[in-house]
């Protein structure tokens, strides 16, 4: 119930071994919201510029995302990113990034959003994440994403944030940077020691590790033969995870594992096309079918 | 029942970020046999030189390995390998390798071994693997390992071998080299198209993919906080897998998945010490306990 995400909404140009797409809809908030929308109603808080194409707004409509918190800011330009993936589809280089409206003040949170219980703070400055957090007095589950930039340049704010949130989601390389460890288990334990109830360490095509105060999960990604564009895989993973948690209201460890698996399944669809191309084509039943295949991949003789 | 392995038995010097061990017992046959011995009786075929330390023979005794096929060859020297692992505990450099007795003729297979049903051909020249294979007329399951060297220098022999075996086990980088693919699923499918019923692609700490004519498995490794020496992880993984298959006699897909999971568990013990140091200390009950933890890591809400 009442899942909200705040993060970037951008215009991306993406070059992968499978092709190139210019000026497509992207951003962490976008991918998260689309993925989560298969499970529950999603609210977004984010700002774009006057240049934001009208057809991109229709994508949010397609996913029935509540855009009351989407500000189209006068005189501003939309965040834009150009990236190129290596042959392995894992590593990428940022060729150009223009923060534009992302460098300005956050948009206001609509009053109708104040009762939100499930909060996902997509990757942005931890100071801004903290400020947002305080605006949701009914919060039941708060999960944040972060990145190497904030670990290096806003470490104190990030450590303060970790004491206020329930879960942190980050990449393995970021977990190593944050903790100074070189081993995944040690890094995960150290993050939990910093405050949150759990951490999800994403390993891209290799799946994820969940370290929780009450136990652990180690789950594979759903293997995909035709990867077109990995952009947004981590955000759609988090969207599927939070969407299921919000829809079910069950924050137990076994349901958290199921949420991660559903996140992995949604992410596996996401990488099969540029932008939201694949997620726009599928229905909840497609996710459930692939989730069945996912469980089958793990099904062992008793 | 009647599991046999043929491969290298060596004297290793290993340097890892956790320490250094000189002139320790190693080799693919050694790690495989020790791991498999927790599940079933194991026979080995291999040769060492006159320099092979007596205390190393006691290690095989400890695991109750049938050493009727172990030849201590007069005038020969034991295979030796010196390697150094990188900080990530995944990549390694071979500092020195002396094939010695491994470059000579294979030892004869004892007549008492001819009824062996489960055959593991650890990594060696595919021509030699093919020759061995023909000596087991009662074979029920034949699985082979290979490496980049043979993919490059004995490709025709390897392709011929693939038509004669049930399963192939190899690393992800080797699977890409063998198939010319860059995607794990595509590479796996292509290997199965080359002849075997299934392929297991090992991804080190990231687990493995099983591509089988009848289905798939994608399983994580068991996460370990204190990795001391990754040497033999792949061989002990294969040993646990084959040991369980031989003990159960069930070659169905669901039991193959369980075999992979048990292999992952045995390998997780193996990396916690140099040589067989950890496997010598544990009992079958320790494996079963950790296997329970492994299943728990994957346990989801219904």
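The values are calculated or read from the model by the stated rules, or taken from the named source; none is laboratory data. As the structure is a computational prediction, the values presented were derived from the model and not from experiment. Cβ coordinates were reconstructed from backbone atoms using ideal geometry, including for glycine residues, and neighbour counts include every protein chain displayed.
Return yes or no: is residue A:225 surrounded by fewer than 22 Cβ atoms within 10 Å (Cβ to Cβ) and either within 12 Å of chain B (Cβ to nearest Cβ) or in contact with a helix residue (DSSP H, G or I) (Cβ under 6 Å, 6 or more places away or on another chain) (or both)? It is true that residue A:225 is surrounded by fewer than 22 Cβ atoms within 10 Å (Cβ to Cβ) and either within 12 Å of chain B (Cβ to nearest Cβ) or in contact with a helix residue (DSSP H, G or I) (Cβ under 6 Å, 6 or more places away or on another chain) (or both). Residues that are assigned to a helix (DSSP H, G or I) and within 12 Å of chain A (Cβ to nearest Cβ) were ranked within segment B:266-291; the one that is surrounded by the most Cβ atoms within 10 Å (Cβ to Cβ) is B:268. When segment A:191-220 is limited to residues that are in contact with a helix residue (DSSP H, G or I) (Cβ under 7 Å, 6 or more places away or on another chain), surrounded by fewer than 17 Cβ atoms within 10 Å (Cβ to Cβ) and within 27 Å of residue A:153 (Cβ to Cβ), the one that is farthest from the other protein chains (Cβ to nearest Cβ) turns out to be A:195. Return yes when residue B:256 is facing chain A (nearest Cβ under 9 Å) and under 17 Å from the mean Cα position of the chain (by Cα) and no when it is not. Answer is yes for this residue. Name every residue in segment A:206-218 that is in contact (Cβ under 8 Å) with a residue 40 or more places away in the chain and either under 17 Å from residue B:185 (Cβ atoms) or over 17 Å from the mean Cα position of the chain (by Cα) (or both), in order of residue number. Once the filter is applied, which keeps residues that are in contact (Cβ under 8 Å) with a residue 40 or more places away in the chain and either under 17 Å from residue B:185 (Cβ atoms) or over 17 Å from the mean Cα position of the chain (by Cα) (or both), segment A:206-218 yields A:207, A:212, A:217. Where residues in segment B:163-184 are in a loop (DSSP other than H, G, I, E, B) and touching a residue at least 12 places away in the same chain (Cβ under 8 Å), which of them is surrounded by the most Cβ atoms within 10 Å (Cβ to Cβ)? Result: B:165. Considering each residue of segment B:70-81 in turn, at least one proves to be farther than 15 Å from residue B:45 by Cα, more than 14 Å from every other protein chain (Cβ to nearest Cβ), surrounded by 19 or more Cβ atoms within 10 Å (Cβ to Cβ) and within 17 Å of the chain's Cα centre (by Cα). In the set B:238, B:187, only one residue is under 25 Å from residue A:296 (Cβ atoms), more than 14 Å from chain A (Cβ to nearest Cβ), outside any loop (DSSP other than H, G, I, E, B) and modelled with pLDDT of 95 or more; that residue is B:238.
Here's the yes/no breakdown for (1) part of a loop (DSSP other than H, G, I, E, B); (2) surrounded by fewer than 21 Cβ atoms within 10 Å (Cβ to Cβ):
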site: A:14; (1), (2): no, no
site: A:30; (1), (2): no, no
site: A:34; (1), (2): no, no
site: A:48; (1), (2): no, no
site: A:51; (1), (2): yes, yes
site: A:55; (1), (2): no, yes
site: A:58; (1), (2): no, yes
site: A:61; (1), (2): no, yes
site: A:67; (1), (2): no, yes
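Answer with yes or no whether residue B:24 is at pLDDT 95 or above, under 20 Å from residue B:125 (Cα atoms) and in a strand (DSSP E or B). When the stated conditions are applied, residue B:24 does not pass them.
The set of residues in segment A:97-132 being assigned to a helix (DSSP H, G or I), in contact with a strand residue (DSSP E or B) (Cβ under 7 Å, 6 or more places away or on another chain) and closer than 16 Å to residue A:28 by Cβ consists of A:100, A:101, A:102, A:129, A:132.
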